[in-house]
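The values are calculated or read from the model by the stated rules, or taken from the named source; none is laboratory data. This structure is a prediction, so every number in the text was calculated from the model and none was measured. Virtual Cβ from ideal backbone geometry, glycine too; neighbours counted across all protein chains shown. Accessible surface is based on the protein model in full, side chains and every heavy atom, while ligands, DNA and RNA are left aside. Shrake-Rupley method; radii C 1.70, N 1.55, O 1.52, S 1.80 Å.
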Amino acid sequence: MSGEVNIKRLAQELNISIATVSKALNDSYEISLKTKNRVWDLAKALNYTPNPAASNLRSNKTKTIAVIIPFVANNFFSLAIKGIEEIARKYGHHVLIYQTHEDIEMEMSFTNSLLNGRVDGILTSVSSSEYNGDYYKNLVKKIPLVFFDRVYKDLDAYNVATDDYNISFEATIHLIECGCKKIAYLYGLENLPAGKARFAGFKDAMEANGLTMNDELVIKYCEDEEKNLEQIRQLLIQHQPDALFSSIEEFVIPSYTACRALNFQIPGDIKIISFSNQATAHLLNPSLTTITQPALEIGREAATCLFKMLNKKGQGDDHDIIMKSTLIKRESTGC
């Protein structure tokens, strides 16, 4: 069949009604994903090009979602974005990506600019610079929103996160089983539930094994890389811990650098473990024992939740989705 490729022709070729084709192209929740995929596949094969302006006016949909994250150049977030894009493509949506650089004002500015109908929904991993729960409590009433990794609890929204408390507890036990008694904690994300849960898991594992958690062995992340390096250096000189537990991967390179500068042997003098999705963790010398989050799966799950909301499905679902992280034992813990 030749001629103009329009909705009528797509309907004829698929032997379904024009209304069904139209609804499928507009991602209506009334149409099954199987039928949508048939319509989208044929539309693509025949190079069907709708009139976007007219289509959007009819459907009130932009076929676009936004992802707001602290950083793009981060292994965790790049994998999460890949997972989000996979699901968005299935639903015929484009993805806009915004990075906040941990700036809460920039985060709110981006989000507010998206409330005028530019996107159908938002996926966000919030800034760690401060807790902004009141702002998001109001925002979730205005636009479909899903939190992933860095989430806010007790809001009417999906949260897709990992088992931060349990995996921190497990990782601390691993260090104790390797003979460590004086474990220093490198504290990141302290304003967010994820950071607090990681610290609580560490603290409880120490106490469960009769070990005292010394406040002098806790250092907090700051934006200045040189300052982080100096904090770790001073920690090693003054307190000589036998292990470093890093709650974020930004502490990893400063930790290795400080140990090398002070001639602390890893894992002989000091053992190191870190939350990290760094693809190069096994290439570090020695290779780094990591707590690795299922970033790709988190992205897929978060996007799936958003499309449930957009398609008016998933009512009654449990909004707190917890995914399992993995402790990968390598040379830096030595056992």
| field | Residue-wise HN-Hα coupling along segment 7-13, computed from phi with Karplus coefficients 6.51, -1.76, 1.60 (Hz; x: Gly, Pro) | value | 4, 4, 5, 4, 5, 4, 5
| query | How about the chain: what cysteines have no other cysteine beta carbon under 4.7 Å from their own? | reply | C180, C222, C259, C305
| field | Stokes-Einstein D in µm²/s, Kirkwood radius over Cα pairs - segment 71-174 at 25 °C with 0.890 mPa s viscosity | value | 163
| Acute angle (nearest 10 degrees) that the helix 252-261 long axis makes with the longest principal axis of the chain, alpha-carbon atoms | 30
| Tally Lys/Arg at +1 and Asp/Glu at -1 over every other residue whose Cβ is under 13 Å from the Cβ of T64; what's the total? | +1
| field | Within the chain, helix-based [θ] at 222 nm, where runs of 4 or more DSSP H residues each add -39,500 (n - 2.57), nearest 500 | value | -13000 deg cm²/dmol
| How many percent of the accessible area of the chain is carbon or sulfur, using a 1.4 Å probe? | 49
| query | Most mobile of L123, L211, L262 per a Gaussian network model of the chain (Cα springs, under 10 Å)? | reply | L262
| Tell me, in nm to one decimal, what length is gained between L262 and Q12 on full extension, where the rule is 0.36 nm per residue of separation less the Cα-Cα distance? | 82.5 nm
| task | Bin width 20 Å, alpha-carbon pairs only: give the P(r) of the chain as whole percents, running from 0 to the bin holding the largest distance. | result | 29, 46, 20, 5, 0
| query | Looking only at I16, I69, I97, which one moves most when the chain is put into a Gaussian network model with springs between Cα atoms under 10 Å? | reply | I16
| task | Compute the accessible area per residue over the chain, keeping the other protein chains in place, probe 1.4 Å, unit Å². | result | 47
| note | Toy charge model, Lys and Arg Cβ at +1, Asp and Glu Cβ at -1: the chain dipole around Cα centroid in debye, rounded to 20, equals 1660
| field | Distance histogram for segment 189-274 (every C-alpha pair counted, 5 angstrom bins, percent rounded to whole numbers) | value | 3, 13, 25, 26, 20, 10, 3, 0
